[in-house]
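The values are calculated or read from the model by the stated rules, or taken from the named source; none is laboratory data. None of these values were measured; they are calculated from a predicted model. Methodologically, a virtual Cβ is constructed for each residue, glycine included, from the backbone with ideal geometry; neighbour enumeration extends over all protein chains shown. Ligands, DNA and RNA are stripped out before the accessible areas are found, and what is left, the full protein with its side chains, is counted by its heavy atoms. Shrake-Rupley method; radii C 1.70, N 1.55, O 1.52, S 1.80 Å.
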Amino acid sequence: SALLVVDGNSYGGVPYGQPAPDACAALPDVDACPNIGFALDFDTTRLSNGPHVIQIYVTDARGNSTFLPVPGSPVISVVVAN
């Protein structure tokens, strides 16, 4: 499963399993390739204008969970201007 997290707050489920051939090219040992992508329409008016950090919280079939990007990696920053 996957959840959209913005600034540490959950905004619901994210459909997982979209084709991501570019990512898989860099991940030759990932069995789930090529269907490891995410796709989501998100109404940015739910957020205040200004900078925000976006993450995806994923849980695998074994119950292991982590944030993407993984902790310690550069974050995904966006600026909302509604």
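Worth a mention:
A quick yes/no check of all residues on (1) in contact with a strand residue (DSSP E or B) (Cβ under 7 Å, 6 or more places away or on another chain); (2) surrounded by 10 or more Cβ atoms within 10 Å (Cβ to Cβ); (3) among the charged types (D, E, K, R); (4) part of a strand (DSSP E or B):
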| position | (1), (2), (3), (4) |
| --- | --- |
| 10 | yes, yes, no, yes |
| 29 | no, no, yes, no |
| 33 | no, yes, no, no |
| 51 | yes, yes, no, yes |
| 56 | yes, yes, no, yes |
| 63 | no, no, no, no |
| 66 | yes, yes, no, yes |
| 74 | no, no, no, no |
| 77 | yes, no, no, yes |
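- All positions within region 35-82 that are within 12 Å of residue 4 (Cα to Cα) and among the basic types (Lys, Arg): none
- First in region 58-82 and on the phi > 0 side of the Ramachandran plot, second anywhere and open to solvent by less than 90 Å² (accessible area, probe 1.4 Å) and of a type outside the set (D, E, K, R), Cβ under 7 Å, 6 or more apart: none
- Residues in region 35-49 that are of a type in the set (Ser, Thr, Tyr), open to solvent by 60 Å² or more (accessible area, probe 1.4 Å) and either without any contact (Cβ under 8 Å) to a residue 24 or more places away in the chain or not in a loop (DSSP other than H, G, I, E, B) (or both): 45 only.
- Remark: residue 1 falls outside the filter, which requires a residue to be surrounded by 10 or more Cβ atoms within 10 Å (Cβ to Cβ) and modelled with pLDDT of 95 or more.
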